[in-house]
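Asker: My structure is below; once you've seen it, I'll send some questions.
The values are calculated or read from the model by the stated rules, or taken from the named source; none is laboratory data. Remember, predicted model here, so these are calculated numbers, not experimental data. Here the Cβ positions follow ideal geometry from the backbone for every residue, glycine too, while neighbour counts run over all protein chains shown.
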Amino acid sequence: MLKIQKENAKLRKENDNIKKENQEIKKELAEIRRNLEVIDKENRKNNIVIQGMKIRTNETGTVIPQAEKFMKDYLDIKVKVKDAITLDTNVCLVKLENGKDKEKIMINKTKLGKIPTEKIYINDDLTKKEREKQNQLRKKAAEEKKHGKNVNLGFNKITINGVVWKWNKDKEILEEIKIRAPVNIPKN
């Protein structure tokens, strides 16, 4: 009986050690995933995705000239495209030389609304995780609009009837932002 108790104690200790090791591995894996997400986001920071544009490759198989012409014709800006890749029939990933060119595009993309014949959208090149978050926000926005609420959708946040909801990265949920009332400080 004593031998069985000692063996059980030994197995419990081994089990506890395995649990601790497992927890450490999970923490390390989570850290690695966060680091990969940061690297992925950094690699995409100067990229945009154009949806709805009719894409035709040239004789060399590239769409870079078409992407640059699109920016000039529709947005009235000249940018340097590092690379352009067709992702789908009407979807193109455009890698820009620098952040200033991307900023010009994002500021001028409102001009696309003036094109009567086509619906073309320009968005940031998001990571998979960011796309999932934005899809959840879009679903929430659509649901609230069905109920007649005034909804404004932004990146990682949504405003519903004046109340701002923001994505909590740590909890991976949408939370209402509590806005503190301004404090009046008497002047002396």
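Asker: Quick check on G99: is it closer than 14 Å to N46 by Cα, among the small types (G, A, S) and either surrounded by 16 or more Cβ atoms within 10 Å (Cβ to Cβ) or out of contact with any helix residue (DSSP H, G or I) (no Cβ under 9 Å at 6 or more places or on another chain) (or both)?
Answerer: yes
Asker: Working carefully through the options L96, L87, L112, L75, find the one that is without any contact (Cβ under 8 Å) to a residue 60 or more places away in the chain, of a type outside the set (D, E, K, R), in contact with a Phe, Trp or Tyr (Cβ under 7 Å, 6 or more places away or on another chain) and not assigned by TED's automatic domain parsing to the domain that holds F155.
Answerer: Checking each option against the conditions leaves just L112.
Asker: Further question on the same structure: Say whether the condition of being part of a loop (DSSP other than H, G, I, E, B), closer than 18 Å to N90 by Cα and small (G, A, S) is met by at least one residue in region 63-73.
Answerer: No: zero hits.
Asker: Tally up the residues in region 118-164 that are acidic (D, E), surrounded by fewer than 13 Cβ atoms within 10 Å (Cβ to Cβ) and over 19 Å from the mean Cα position of the chain (by Cα), please.
Answerer: Adding up the residues that qualify gives 2.
Asker: Has region 40-59 got at least one residue that is loosely packed, with under 10 Cβ neighbours inside 10 Å and either modelled with pLDDT under 90 or more than 27 Å from K169 (Cα to Cα) (or both)?
Answerer: Within region 40-59, one or more residues are loosely packed, with under 10 Cβ neighbours inside 10 Å and either modelled with pLDDT under 90 or more than 27 Å from K169 (Cα to Cα) (or both).
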